[in-house]
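Only the coordinates and a few stated rules stand behind these numbers; no lab work does. The shown structure was predicted, so the numbers you read here are calculated from the model rather than taken from an experiment. Don't worry about glycine lacking a Cβ; one is built from the backbone with ideal geometry, like all the others, and counts go over all protein chains shown.
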Amino acid sequence: MKKFLVACVAGTLASAGGFVGAANAAFVNFVAEAAGNERGVADGTTIVMDGLAVTFHAGPGGSDYAYFDDLFEGRPAGLGVCQKLEGAPPSECDDTTDDNIRAGESVTLTFDGPLNLSGFSFSGEEHYDLNSSSETLLLNGVEFTFADVANLTAAVAAVVTGISSIEFAYGGSNAAQFYVNWFTAEIPLPAAAPLLLAGIAGLSFASRRRKA
């Protein structure tokens with residue numbers, strides 16, 4: 001019985017570890033989503049990305065379209081905003097220069113949270129990397145440099161931990177137009193896993209009492 005319980009505990013720990021490390025981390029890749037399928041989507045559209053349901057809202061007031069922009073001369077774009085599409089969504093942007101997040105624009109993503117976000121990457125207006133830039137954006141209304149967000153400083157981590165939505169907006173003291181390339185969303189360990197481990201530990205304790 002003891003060997004059986006030890007095996008159960010070990011197996012459960014391995015399963016839980018795998019669940020947290022692999023199945024519970026979603027790579028939300030907007031560059032991949034746009035590849036060969038550039039388009040704007042209607043407000044409130046939900047897309048499952050690497051197992052995570054993401055709902056898109058473009059501001060202000062849902063009047064714009066969250067936009068998936070494809071590569072430009074081999075350089076990545078990803079998630080931006082378009083004010084006017086060529087036709088009904090999903091379709092391409094009517095103005096090819098209006099597909100990133102620029103003055104007065106934002107895009108909000110909602111999830112079944114809480115989630116911890118990390119691993120952010122951004123491109124600028126011409127699709128060049130912004131991850132070392134001192135230019136700024138607003139993340140859930142708080143000003144950060146792109147470098148701060150890409151490097152997940154403590155201040156950024158405080159804003160993107162345990163959240164069920166995130167807003168990327170143009171703004172700050174040194175604002176730049178941008179695209180969101182991707183980020184990672186980590187889902188905390190479900191409450192059921194600690195309860196399962198506690199139950200197995202309880203069985204082991206009961207077994208010892210019977211033998212005593």
Checklist entry - Relative contact order for the stretch 14-119: what is it in percent, counting Cα pairs under 8 Å that are at least 6 residues apart? => result 26 percent
Checklist outcome for this item: Projecting the Cα atoms of Ser165, Ala77, Leu130 onto the charge dipole of the stretch 2-189, where Lys and Arg contribute +1 and Asp and Glu -1 at Cβ, the residue farthest towards the positive end is Ser165
Checklist entry - Cα centroid distance between the stretch 29-106 and the stretch 153-188, in Å? => result 17 Å
Next on the checklist: So if I restrict to the alpha-carbon atoms in the stretch 2-189, what is the Rg, and what is Dmax, the biggest pairwise distance, in Å?
Outcome noted: 18.1, 69
Checklist entry - Based on the mean of other beta carbon atoms within 10 Å per residue, what is the order of 118-127, 30-39, most packed first? => result 118-127, 30-39
Checklist entry - Charges only on Cβ, +1 for Lys and Arg, -1 for Asp and Glu: so what's the dipole of the stretch 50-153 about the Cα centre, in debye to the nearest 20? => result 360 debye
